[in-house]
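Structure first, then comments.
Derivation of every value follows stated rules applied to the coordinates shown; laboratory data play no part. Just so we're clear, the structure is a prediction, and the values are computed from it rather than from any experiment. Every residue, glycine as well, gets a Cβ built from its backbone with ideal geometry; the counts of neighbours run over all protein chains shown.
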Amino acid sequence: MTGKTLRSLMLALALAGAAVTPVHAAPPAQLKTQAPGYFRMALGDFVVTALYDGYIDIDPKLLKGASAQDIQTLLARMFLQSTPGVQTAVNAFLVHTGDKLVLVDGGANKCFGPTLGNIGANLKAAGYTPEQVDLVLLTHLHPDHACGLATDDGKPAFPNADVYVSRTESGYWLDDETVAKAPKEMQPFFKMAKDSILPYARQGRFKVFDAGDKLLPGVTSAAAAGHTPGHTGYLITSKNQSLLLWGDLVHSHSVQFARPEVALEFDVNSEQAIAARKAIFASAAKDKLWVGGAHLPFPGIGHVRADGNAYAWVPIEYGPIRSDR
């Protein structure tokens, strides 16, 4: 075969290959839905599943105890935008003890608009059903924690569960005399609290406890009053590992770890809320305690680290469920 013939053959083969090369199709449409909002971790013999209910945009003006400039600086340091508000997660936590399925806080349902109300869907995505929940432990009776207890038609969203709240919290939100004395702008919040609890109270499934009470093996209530009169955390313990689910101790991770003295306008007793935050931060940092927060960035689980005279948030790392840690 001569060189000219070889070149002709190679050219023919190249042209033939070009002719059958497929035309690449356009990429599929962009998908803008997020992954299901659940995250699991092992805690001794327990399994804890964080559940994402959604988010609220919090106006930085609600943070009190630092100048507006200081707050904006702390937000900017964490690359957070404050328009239309600071995106703030709403989390609940499901604890499987082996014997009981315990839900800490019930989400907002539709009480705060379309960005919330995903606890039920994410509970199912995590492999459970509302009917399987045995206990619901409420940190407090604000609507973003309690409205999810009831369906839109006023039935129990967790039909086989007993609902627990601290005696002090119940006495504040569900007492007719207290409600009558409350400012007009607060009346809807009292009504939402009552409507959330009523389906369980009618069935004798609403329970109260005192601060420090042990509610079942491995689950003990922990007083954290201030944000509300009976605001309560729950200490979950298994095999010498502990996790404190602290509810609304923190509303802004970018501000309140660095400046624990910054309170929220909605705190019923800001001095008490600040004292609780400082005490729990100090204890959690010293003991290297796992903590979980309702308004920390999802999944809301991590550690508190001392940072000079202040503190820093150290979130959990995504990974497999490991019981050896």
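A few points about this structure:
- Coil-residue trypsin sites (Lys or Arg not before Pro) of the range 166-195, DSSP, other Cβ within 10 Å capped at 14: none
- Structure remark: mean-square fluctuation, Gaussian network model of the chain, C-alpha springs under 10 Å; the largest value among 182, 211, 35 belongs to 35.
- Computed E for residue 180/residue 30 - FRET, C-beta separation, R0 45 angstrom, nearest 0.05: 0.25
- Per-residue HN-Hα couplings for the range 288-293 [Karplus 6.51, -1.76, 1.60; θ = phi - 60°; Hz; x = Gly/Pro]: 6, 6, 5, 9, x, x
- The 3J(HN,Hα) values that the Karplus relation (6.51, -1.76, 1.60; θ = phi - 60°) gives for the range 233-244 are, in residue order, x, 9, 8, 9, 9, 8, 6, 6, 10, 9, 9, 9 Hz. Gly and Pro appear as x.
- Residue 77-residue 160 pseudo-label distance in nm [points 7 Å out on the Cα-to-Cβ vector]: 4.8
- Restricting the calculation to Cα atoms, every distinct pair contributes to the Kirkwood radius of the range 109-261, found to be 16.5 Å.
- Distance cut-off 14 Å, percentage of C-alpha pairs in the range 48-122 lying past it: 67
- Residues whose placed amide H lies under 5 Å from that of residue 264, excluding near-sequence neighbours: 64
- A helix-only calculation puts the chain at -8000 deg cm²/dmol for mean residue ellipticity at 222 nm, using -39500 (n - 2.57) for each DSSP H run of at least four residues, averaged over all residues.
- Answer label, with Cα Rg over 2.2 N^0.38 Å calculated from the coordinates and candidates [x] 1.09; [y] 0.94; [z] 1.28: [z]
- With Cα atoms as the point set, the range 162-214 shows a radius of gyration and Dmax of 11.8, 37 Å.
- Kirkwood Rh and Cα Rg combined as Rg/Rh, the range 47-177: 1.04
- Within the range 235-325, the GluC sites (Glu not before Pro) that combine a DSSP coil assignment with at most 16 other C-beta atoms in a 10 angstrom radius are 261, 265, 317.
- On the basis of the beta-carbon distance and an R0 of 25 Å, residue 67 and residue 271 show a calculated FRET efficiency of 0.80.
- Residues whose placed amide H lies under 5 Å from that of residue 51, excluding near-sequence neighbours: 92, 93, 94
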